[in-house]
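Q: Submitted below is the structure of interest, expressed as structure tokens.
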Amino acid sequence: MRSSSPENSETERRSATVCLLCRQRKTKCDRVLPRCGFCVKAKAECQYATRPKKRGLRAGYVSELETRIESLEKQLASIKQQEQQQQQQRPPSLEFAAAAMPASTPTLTPTSIQVSLATPTPDLTHMTPTSAGATAAPQPPFASPAVSIPSSVRHQLYKHSDSDAAVADLSTFPHEYMHTLVDLWFKESQPWVPILSRNYIQAALEDLPHPLTYIPDVVLKAVIALQVNYSSQAICLGYHGRYRLSQHLRSEVINEAFSKPSLTSLQALLIIAILDYGSDNIPSTFSLLSVCRRMCENIGLFRKLLNQMALQAPAQIGPPAVGSNTGDELAIPLTWATVAMDSVATLGVSWRDVSAALVDHLASVASVSTPDLRDSFKTHTHLCAIGLQPLHAFIHEHEKGMYDGRMADAYATCDEFYNNLMSYVRSQNSTHYTLLADGLIDFDPNLVLTVILAHSSVVLAYSRLVEFPVQGQPVSDGAGVPLQRCLQACEDIVVALRSISDADAEFSSPLLVSVLFCAVRFKLIAYRAMGESREPMFDGLMHSINMCGRRWAVARRHDIVLRAAIVELDWAVGLANIGAKGMPAQVPASFWDVRKTHSDISEELKEWVDGYKPALHVGALNGPYEWVSSSSLTTSIGR
């Protein structure tokens, strides 16, 4: 039974909340029911705000928490047990190891142990056995730390330590520095791949936590991963720290984007694909672009694009304006950007893994679709996504032998493709720079990318049909046209490169490097086949690849291969003139096969460069094309 004391009676006549008028006037309310004292004096209507009732715990919630706590305690005990087992498997302490070593063996230091842990352990089962008369090298009296720790445990230790170090590096960045890296993206990369919105990235920057231990937005995370790896602004971390943080963010982007297909995930994966291609990880780029294509199919972007093209006339089919890059307005432009990047990255491969219906439709309208010449990016995307589709089909069919014995049909196909490509070139402005109203000069990278890509595609198409003239043998009718057009395309590329500065070449797309490599490689093959000397224009091609190498690792690898091929060519000429024998380390024979594309021999050349890196002495600071010093060259030839 409830008590009827005066205290309880007084309490029951009071409201739990203040009235609305007292709250508005910010005066003390006595909360008397039904009207407070202030409202009675003011003769005003008194209304009390209702307080929502709080929900209690649902049935069984406490039992569920107890079960989860018990499960977590078991997992914690298991982790502690595993750590104890790993502790027992670790090598003996430094003092014990030093005492067990003979006096002639140098004492290990903590630094040496750290280096041994960071160095991959050679696979002893694949080592070359010694000859019968050779004496095996003496083995150390105890196992090294790198061998003692199991490989799986060591990999987890590396991954965990690198991840912790990357988070520590990220936490040292002030928020202003993140804004700087984003501004560099919009200045250096956004002009040739405008797939982001500054408003969206700005909102993601404002949501960064304090302190900066992680980046919530997946697109911003991908941008920072790219900029940290290549921007000179991040050199404060050192080369290793910059690479470590970039790879840490890259792995987080891939895990997050793979788990949730969306437009933002597609944006982030395209940026990571640029990062991998520039890092000379081309197989990973192919895999990421394949995932991007599958993502476009799964979220219905390809179907949406096909439905849109079905309502358009063939001449109207092409990429739309990028728009605001947000929401549904981003879907179609981002789909075009995905198809365009995939088309250029896989240029020269004989396999195709794109949606068949979409590619077939784009290839069917390649000769009738009209690019929007008022927008340089739309024109470049039109060339990549639509104009190059017949070249992909021709390479695929030629590789399958469908043109064997049909050289006339092959010539006709390439001629039609050539005329279509030249329409893109003729439509471009003669200059790639624009004088703005404030007096600044603006560079449009898409103009020069369109011209260089079109001419390189000519080389890629006709190189399969080229017949180099042989002394004393007549050239068949029409056989000289492919060679002439390839050589003219190389000269036109040089003319286009002369119109841009070194800085603009450095910050251009990494995909530009491979198409430039096609032209330079063809010139070297032509010099070798026709016995001609290099022209001054050839140095212009090499200089452009060298400038791209300031930023992109894939350009540095191409530069090494080309310089080695130049030295090999020069040695062959020099040794032939004096009748001497002996050659430097030769590039793979596939490099000189004009029928093979740059994509066919990419991984083979990469393995060759990795094998010769310790012996190579190349670079712009060592002269134009030096492998060894001039004195060594003279000595070798004299021998």
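Q: For F302, F377, F38, F258, what's the largest-to-smallest order of accessible area, 1.4 Å probe?
A: The ordering from most to least exposed comes out as F258, F38, F377, F302.
Q: Specify whether the C-alpha gyration tensor of region 191-298 places it in the rounded, prolate or oblate class, a ≥ b ≥ c being the square roots of the eigenvalues: rounded for a/c under 1.5, otherwise prolate if a/b is larger than b/c and oblate if not. Could the numbers behind the result be given before it?
A: Values: a/c = 1.67, a/b = 1.18, b/c = 1.41.
Verdict is oblate for region 191-298.
Q: For region 252-265, take each phi angle, set θ = phi - 60°, evaluate the Karplus expression 6.51 cos²θ - 1.76 cosθ + 1.60, and give the result in whole Hz per residue in order, putting x for glycine and proline.
A: Computed from phi, the couplings for region 252-265 are 5, 5, 5, 4, 6, 5, 5, 7, 9, x, 6, 5, 5, 5 Hz.
Q: Same structure, new question: Leaving ligands, DNA and RNA out of it, report the carbon-plus-sulfur percent of the accessible area of region 219-263 at a 1.4 Å probe.
A: 53
Q: Follow-up. Might you work out the accessible area of H240 for me, using a 1.4 Å probe with all protein chains in place, and round it to the nearest 10 Å²?
A: About 120 Å², ignoring ligands and nucleic acids.
Q: Among the listed pairs K260/K304; K80/K260; K378/K400, give every one whose C-alpha distance is greater than 23 Å.
A: K80/K260; K378/K400
Q: Provide the solvent-accessible area of H179, counting protein heavy atoms only and rolling a 1.4 Å probe, rounded to the nearest 10 Å².
A: Using a 1.4 Å probe on the heavy atoms, I get roughly 60 Å².
Q: Largest first, what is the accessible-area ranking of D409, D559, D404 with a 1.4 Å probe? Please report the intermediate quantities before stating the final value.
A: Working: D409 70, D559 10, D404 115 Å².
Ranked list, largest accessible area first: D404, D409, D559.
Q: I've got another one for you. I'd like the accessible area for I525, computed on protein heavy atoms only with a 1.4 Å probe and all protein chains in place. Round to 10 Å², please.
A: Approximately 10 Å² for this residue.
The values are calculated or read from the model by the stated rules, or taken from the named source; none is laboratory data. All values derive from a computational prediction rather than experimental measurement. Surface areas here come from the heavy atoms of the whole protein model, side chains and all, with no ligands, DNA or RNA. Shrake-Rupley method; radii C 1.70, N 1.55, O 1.52, S 1.80 Å.
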